[in-house]
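To start, the structure under review is shown below, and the notes come after it.
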Amino acid sequence: MDKYLRPKGFLQLGGIILLVLGIAGFLLELIFPAGKFLTAFGAGDVLYFDAFENIAHTILGIVALIAARVLAPNLQKWLVALLGVFGIVVTLLGFAYAGLPAPNLGVTNVELLDDVVHFVVGVWALVAAFRPAAVMEAVTGRVTR
């Protein structure tokens, strides 16, 4: 578990999750209108994936997996920190624009579950980037225990 609290581990696991979400979103759009698959199960507009989100998740997943392999540890740290800040900003925007008609963030729509997930991922990224072991790894290039 400690591996995923380091920048490289965050990029690896986060990249896989984003890639799976992106591909699953494209598949769900084929079955359910606008990807509103939870609506079909009586959950309301809690979560849906639109084309923009699917493209963004897929591209970000691929970029994260590549970054985990090719970037130096110091650059991984700052990329993960940037992703953490981005996740928190998207969360705050989601709360600020909650209740507006879709797409409430201009090109996409976010609901409460999106906000919660973006917040959790943002905090995870910031922890992975700035916890002492991750900082030492970025500075020295070696994994510390």
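Determine which member of the set Val70, Val123, Val63 is modelled with pLDDT of 95 or more and loosely packed, with under 13 Cβ neighbours inside 10 Å.
Values: Val123 fails: loosely packed, with under 13 Cβ neighbours inside 10 Å; Val63 fails: loosely packed, with under 13 Cβ neighbours inside 10 Å.
Result: Val70 is the single residue among Val70, Val123, Val63 that is modelled with pLDDT of 95 or more and loosely packed, with under 13 Cβ neighbours inside 10 Å.
Using beta carbons and a limit of 6 Å, which pairs, at least six apart or on different chains, have the first residue in region 1-21 and surrounded by fewer than 18 Cβ atoms within 10 Å (Cβ to Cβ) and the second one part of a helix (DSSP H, G or I) and of a type outside the set (A, V, I, L, M, F, W, C)?
Every condition considered, the pairs that remain are Lys3/Gly9; Leu13/Tyr4.
Which of the residues that make up region 126-145 are at pLDDT 75 or above and either hydroxyl-bearing (Ser, Thr, Tyr) or assigned to a loop (DSSP other than H, G, I, E, B) (or both)? Spell out the reasoning first.
Step one: filter region 126-145 for residues at pLDDT 75 or above, giving 126-132.
The answer is Arg131, and nothing else.
Limited to region 61-75, what total is found for residues that are over 16 Å from Val121 (Cβ atoms) and either among the aromatic types (Phe, Trp, Tyr) or more than 13 Å from the chain's Cα centre (by Cα) (or both)?
8
If a residue has to be in a helix (DSSP H, G or I) and touching a residue at least 40 places away in the same chain (Cβ under 8 Å) to count, how many in region 70-89 make the cut?
Selection size over region 70-89: 11.
Scan region 93-113 and report the pairs whose first residue is farther than 20 Å from Gly25 by Cα and whose second residue is crowded, with 16+ Cβ neighbours inside 10 Å and of a type outside the set (Gly, Ala, Ser), with Cβ atoms within less than 7 Å and a gap of 6+ or a chain change.
Final answer for the pair search is Leu93/Leu105; Phe95/Asp115; Tyr97/Asn104; Tyr97/Leu105.
The values are calculated or read from the model by the stated rules, or taken from the named source; none is laboratory data. Given the structure is predicted, the values throughout are model-derived calculations rather than measurements. When we count neighbours, we look across all protein chains shown, and the Cβ atoms used for this are built from the backbone with ideal geometry, even at glycine.
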